[in-house]
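The values are calculated or read from the model by the stated rules, or taken from the named source; none is laboratory data. Note that this is a predicted model, so its numbers are computed, not measured. Note: ideal-geometry Cβ built from the backbone for every residue, glycine included; neighbour counts use all protein chains shown. To get the accessible areas, we keep the full protein, side chains included, count just its heavy atoms, and leave off ligands, DNA and RNA. Shrake-Rupley method; radii C 1.70, N 1.55, O 1.52, S 1.80 Å.
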Amino acid sequence: MLSNDCLFCKIIEGKIPSSKVYEDDKMLVFKDIEPKAKVHLLAIAKTHFKLLSEADEKGQELVKYMLFKIPEIAKQNGLANGYRLIINQGDDAGQTVFHLHIHILGGETLPW
Ligand code: AMP
Ligand code: ZN
């Protein structure tokens, strides 16, 4: 299920353009519009849920699917030397888009 007022759902629906690097029936990976590393990708599930803490059973399956698909996608995108995965959960983490996403950062030695 997608949401009408969610930026990332609009990206999934193609209503807002994105630079896609991977897509299948369950997930989409695209380039972050304001990259915080040389390579900065965002992985999202094609189901709307806001927060990791709000993932129901299906959401949890999707998070697991994405996590273990990411190594393959990372390799295809020049991240064979390593990468960092981040999920921002809620306000204290600075989450700005409330559709669960996994940041994939790399392409250089990361500062922390
Ligand atoms: P977060 O702060 O964890 O919610 O991350 C949201 C991320 O989405 C930020 O890194 C933004 O740069 C990124 N972002 C926002 N709008 C877009 C967009 N239209 N296309 C790609 N990335 C976006
Ligand atoms: Zn959404």
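A search for C-beta distances below 6 Å between a residue of the stretch 93-108 that is open to solvent by 30 Å² or more (accessible area, probe 1.4 Å) and any residue that is not in a loop (DSSP other than H, G, I, E, B), counting only pairs 6+ apart in sequence or on different chains, returns GLY107/VAL39. List the pairs whose first member sits in the stretch 1-13 and is at pLDDT 95 or above, whose second member is of a type in the set (Gly, Ala, Ser) and more than 9 Å from ligand 1 (Cβ to nearest atom), and whose Cβ atoms are under 6 Å apart, counting only residues at least 6 apart or on separate chains? Short answer, once both residue conditions are applied: CYS9/SER3. Screening ARG84 with (1) part of a loop (DSSP other than H, G, I, E, B); (2) open to solvent by 50 Å² or more (accessible area, probe 1.4 Å); (3) within 14 Å of ligand 1 (Cβ to nearest atom); (4) over 20 Å from MET1 (Cβ atoms) gives one miss only, at (1). Filtering the stretch 11-35 to residues that are of a type outside the set (Val, Ile, Thr), open to solvent by 30 Å² or more (accessible area, probe 1.4 Å), within 14 Å of the chain's Cα centre (by Cα) and within 13 Å of ligand 1 (Cβ to nearest atom) leaves SER18, SER19, LYS20, LYS31, GLU34, PRO35. Of all residues in the stretch 63-76, none are free of Cβ contacts under 8 Å to residues at least 24 places away in the same chain, over 20 Å from ILE11 (Cα atoms), open to solvent by 70 Å² or more (accessible area, probe 1.4 Å) and within 16 Å of ligand 2 (Cβ to nearest atom). GLY59 falls short on exactly one of the conditions (1) closer than 16 Å to ILE102 by Cβ; (2) within 12 Å of ligand 2 (Cβ to nearest atom); (3) assigned to a loop (DSSP other than H, G, I, E, B); (4) out of contact with any His (no Cβ under 7 Å at 6 or more places or on another chain), and that condition is (3).
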